[in-house]
Every structure is written in C-alpha cells, then in structure tokens.
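> Handing you a structure now.
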Amino acid sequence: MNAKSDVQLPAVSVIMPVLDEERHLRGAVQAILAQEYAGELEIVIALGPSKDRTDEIAAELVRDTASHANGRVHTVPNPTGRTPAALNAAIKASRHPIVVRVDGHGMLSPDYIAAAVRLLEETGAQNVGGIMHAEGENDWEHAVAAAMTSKIGVGNAAFHTGGEAGPADTVYLGVFRRAALEQQGGYNEEFIRAQDWELNFRIREAGGLIWFSPELRVSYRPRPSVKALAKQYKDYGRWRHVVARYHSGSINLRYLAPPVAVCAIAAGIVVGAALTPLGFVIPGGYLAAIALGSLPAGRGLSLKARLQIPVALATMHMSWGYGFLTSPRSLARRVIASRRPAVRRVDAAS
C-alpha cells in the first residue's frame, strides 16, 4: 500500500435541493453513490413541495441506502420550494467539512468528488467547480444542450464551454469548504436565482479563491420545452440584474450583451415597421448570425435537432435580456433588507 492510500480522506456531505425531480432524482443519487471516493459520504436531500413522485422516490432512496457502504441518504423539508432555502436547510442538516452541491437533475462523473477534494487541497480554494455538461434525451433537449455549450449561446463562460483551470468569478454548483459557507452565512435566501454567483462573489470579496477546473464535470438535463427554457433564462436575467444592484462592480460586458440585443432588435422592428425597411436589418442580421452560429454547434446531431438550435439560442438570448431589462428594483431592496441568513454547523464531523 502506498503512502497516498494511507492518508485519511475528509468526509463529504452532498446536498441536493429538489422539486419535481421524479424523472432524474434516482439517477442523480445513484451517480453519487457510485463515486470513486474512499472517504465517508452522506447525501442530504432538501424536499420542496413537489407535485410528482419526488417525495416517494426520495423515501425509497432513504430506505434502500440505510446500510449502504458508500453513503446514506437523509431528507429535510423545504416548504418554501426555493432553491437557496433548500440549500441552507441541507447545509444545516449535514455534518462534514466538505460540502458538495448537486442538483436533482445533475449527474456527477465517477471521479468528481475525489478530484474536487484533491483540487481544494492543491489550490487552497474555498470553492471548486467545473463544467456544466448539458446533455439532452430528445431532439429539442439536444438542441438546447448544443446552444448551452456554444460560445454564441453563452459567451466565454468556462463552466459552459470549457477552458483552462484557474481562478474564476463563479463555477457550476460547487464543492465548498464548510468553513467558507459558515463564514458567509450560507446562501442569501432572497436570491431565488443567481444564488451561486452571489455567494461566490461574497467569498471572493472576503479574500477566498474560487477555482474552475475542466476535470470536474456534471451532466445536466436541459429544460424540456421552449416555454420552460424561456422562463429559466428570464429568471436568470432578472436575478443577475439584482446581483448587479446588490454588489456594485459585479457586472461585465458578457452580461450586458443580451439586453443590448433585445433593445436593438426591438428598435429595429419599430423603425422597420414605422419608417423604413432598413430597420429590419438589425433583427434580420441577428437571425442570420444565430443561424450561422448554430451550424458548428449542431455537428453530429440529427437534422431535427440542428434546425431547433436557432430557436433555443433566440429563446435564451431574448429571455435573458428581457428578464434583465424588466427586473424590478423592489427585488434589490428586499434583498438588501434581508441581509444573509445564518448557517451554522450541525454536529460537524471530520
């Protein structure tokens, strides 16, 4: 036995906020239980008020893992159904010094936890994360996955498109040192969306390091319809604007591109309809750009999936931009008034 295998690995708590995850919850938990990690492991699922069989499946997982050698499942209630409240409830109910966030539709690669724990040690980071690898199960979801992993879809966000390891503003999901979460008081529960970005901003402001590595990979299941995708991205834009109001200096040009595009296209349509057809050059140019940009993104996909990529791109861009532009100032006032909730250790063990 080598010296490395004699080192005791830190115990890990995996926290999962779930709501209406009947379709993917069992697979997500199985991917955690199958991790190639020799340290102690627990899974804490925070259950929102689901309308499907999520609670029943969670109860089965608790029962089935009661004597599992590589981790047990526990549940805690999240009556609000809000993601940040679920995360805080799961953190409070967990015990271990390393906290891994996983969503109910996220599938960890087999070495995810082992690699993350190693990276925390090597880099001294407070949070490490990797690639949100979108994977679909039908033509529409394949199209959305292609859009979400292309630069024309999401810009230069490394956790979507990949890139070199290094310091980052934010990462997908995250593997945290519990001490960093406790120092920051956990997630701000007023941030229904963008709570990861907001928490990572606070960690960085306190001098902590956020580290991105392409070694870490989580398979993600896209929204199943245009309507669901539009709501998701409208909420993203809306709450990203709240972060910008709450934390001055946290915005950059990448986040301003969608609202600028929405304004330019709207102005072009108005000018084209009321004054001169030349106004339609702007929306026409946008449509041409996403059509051309979808070609490399759709390599290897079916014709039906490739034809839907421009629809996915336009839905993402326009919904994000619209959400950003229409984000009410009252949200920022409520966030500022709330401050951050307290998260404390519960019988912490190493």
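> Which of the residues that make up segment 266-314 are farther than 15 Å from His142 by Cα, among the β-branched types (Val, Ile, Thr) and out of contact with any Gly (no Cβ under 8 Å at 6 or more places or on another chain)?
Scanning segment 266-314 gives Thr276, Ile290.
Yes/no matrix, rows are residues, columns are (1) at pLDDT below 95; (2) closer than 28 Å to Val14 by Cα:
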| position | (1), (2) |
| --- | --- |
| Glu215 | yes, yes |
| Val226 | no, no |
| His247 | yes, no |
| Val270 | yes, no |
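> Tell me which residues, restricted to segment 11-24, are at pLDDT below 95 and under 14 Å from Val218 (Cα atoms).
Within segment 11-24, His24 is the sole residue that qualifies.
> Name the pairs whose Cβ atoms lie under 7 Å apart, with the first residue in segment 182-210 and among the basic types (Lys, Arg), the second buried (at least 20 other Cβ atoms within 10 Å of the Cβ) and part of a strand (DSSP E or B), and 6 or more positions between them or separate chains?
Matching pairs, first to second residue: Arg204/Ile210.
> What helices (runs of 4 or more DSSP H) lie completely within segment 169-288 and have 3 or more residues being closer than 28 Å to Ala89 by Cβ?
178-184, 195-205, 226-246
> Filter segment 272-307 for residues that are among the hydroxyl-bearing types (Ser, Thr, Tyr), open to solvent by 30 Å² or more (accessible area, probe 1.4 Å) and farther than 18 Å from Phe324 by Cβ; which is modelled with the lowest pLDDT?
Thr276
The values are calculated or read from the model by the stated rules, or taken from the named source; none is laboratory data. No experiment lies behind these values; they were computed from the predicted model shown. Note that we place each Cβ from the backbone using ideal geometry, even for glycine, and neighbour counts take in every protein chain shown. Accessible surface areas use protein heavy atoms only, side chains included; no ligands, DNA or RNA. Shrake-Rupley method; radii C 1.70, N 1.55, O 1.52, S 1.80 Å.
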